1. Can you spot the aspartates and glutamates whose alpha carbon is less than 14 Å from Lys299's alpha carbon? Ignore those fewer than 8 places along the same chain.
2. Using just the helices of the chain, give the 222 nm mean residue ellipticity in deg cm²/dmol: DSSP H runs with n ≥ 4 each add -39,500 (n - 2.57), and the total is spread over all residues, rounded to 500.
3. Which of the peptides 227-233, 44-50, 22-28 is most tightly packed, and how do the rest follow, going by the mean number of other Cβ atoms within 10 Å of each residue?
4. HN-Hα J couplings of region 180-186 from phi, Karplus 6.51/-1.76/1.60, θ = phi - 60°, integer Hz, Gly and Pro as x?
5. Enumerate by residue number the trypsin sites (Lys or Arg not before Pro) in region 155-201 meeting two conditions: DSSP loop (anything except H, G, I, E, B), and at most 15 other Cβ atoms within 10 Å of the site's Cβ.
6. From the square roots a ≥ b ≥ c of the eigenvalues of the alpha-carbon gyration tensor of the chain, which class results: rounded (a/c under 1.5), prolate (a/b over b/c), or oblate?
7. Pull out a ≥ b ≥ c, the square roots of the eigenvalues of the alpha-carbon gyration tensor of region 283-339, then state rounded if a/c is under 1.5, prolate if not and a/b is larger than b/c, and oblate in the remaining case.
8. Please work out whether region 151-293 counts as rounded, prolate or oblate from its C-alpha gyration tensor, where a ≥ b ≥ c are the square roots of the eigenvalues and a/c under 1.5 means rounded, while otherwise a/b larger than b/c means prolate and anything else oblate?
Amino acid sequence: MSSHFQIARKDLRQTRVATTAAARLLPGQVRLHVDAFSLTSNNITYGAFGDAMHYWDFFPTGDGDWGSLPVWGFADVVESQVEGVAAGERFYGYYPMSDELVVQPARIGLASFDDGSEHRRSLPAVYNQYTRCSADRAYRADAEAQIAIYRPLFITSFLIDDFLDETGFFGARSVVLSSASSKTAYGTAFCLSQRRGRPNAVKVIGLTSPANLAFTQSLGCYDELHVYDEIEKLDAQTATVFVDFAGDAALRARLHEQLRETLAYSCSVGGTHVDALGSGKGLPGPKPVLFFAPDRIKKRLADWTPTGLQRRIAESWLAFMQPVMQAQPPWLRVMRGQGPAAVEAAYRRLLDGTMDPREGYFLSL
């Protein structure tokens, strides 16, 4: 039997654990045992935009009312009907919140394969790739939790920074990041902060809650920090880019109202404030534009080639991991858990926004 943690697609607060009989493996398929996965506010965003961005389509449950939330983690091959993918191999990639996944490997290489299952062929390719841990230069067995928690988030951070850099920050001198204590936000702030002392440096400003202010200050990535009640203190005379990780419609409206003509660009990335999501219609200043990481990856693959993109991300990743692993206290406290109750508890804390920002969940169903 296989276990699956499922979420009501129309109400993220409803969950259930479903069990199914293990499907018989067909020629060309591989059975993976999902060993452990991370759970972050990024996954809550997957649920919030599950229909609009097709996140529910990766791992269909067979019941249109219920979805399997995608997560990043590690799995072992337990059965294979494919040459080139052997039992016992370990892979990093995109998994359901389940204890197993059957895939149909395609484009099998020394470093990875893609899931060529029919229902995934029209979905963004970046989510369909599974990387062999044995061939991954960034892999460390003792750092699996950090890799699963940070890597997918930091790639988005890197891409946002790269996008803003390529556009010349739309002429702005400041970048404001909401949900500043979230891992994707402070990963972006870290990338932006690497320009300090250079001609192309921008002021990096974070917005956060009072409860997370001290932690966010301790990171050293932000030049200026404000709690959400202080949005009206933002400098309305300086051209500014807004990168919105919270998705809070009221907060977005207040910021647009404060900056108006000096808001050079409004970038929508995430939806960590699930209960406050809303549209960007009728706002003063530029209309918010959704940042979709797979589209940016596609562009940079064409610009730089896969090797060039991987090299640039790896250089930035290694720099980022130094404070993550070595800062005192460390930026991350790994919270491990096993079983449906542990997964449920972690999911609730993320959904409710009650998680300590220094924590990161590494779970097994």
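1. Asp162, Glu166
2. Details: 7 runs with 107 residues, N = 365.
Only helices count here, giving -9500 deg cm²/dmol.
3. Values: 227-233: 13.7, 44-50: 20.9, 22-28: 11.0.
Going from most to least packed, we get 44-50, 227-233, 22-28.
4. Per-residue couplings from phi come out as 5, 8, 6, 5, 5, 5, 6 Hz.
5. Values: sites: Arg173, Lys183, Arg195, Arg196; in loops: Arg173, Arg195, Arg196.
In loop regions of region 155-201 (DSSP not H, G, I, E or B), the sparsely surrounded trypsin sites (Lys or Arg not before Pro) are Arg173, Arg195, Arg196.
6. Details: a/c = 1.80, a/b = 1.56, b/c = 1.15.
Here the chain falls in the prolate category.
7. Judged from the Cα gyration tensor, region 283-339 comes out oblate (a/c at least 1.5, b/c at or above a/b).
8. Values: a/c = 1.24, a/b = 1.12, b/c = 1.11.
Note, shape of region 151-293 comes out rounded.
Any read-out appearing in this document is the output of simple, stated calculations on the displayed coordinates, not a laboratory observation. Not measured: the values here are computed from a predicted model. Positions of Cβ are generated from backbone atoms using ideal geometry, with glycine treated the same way; all protein chains shown enter the neighbour counts.
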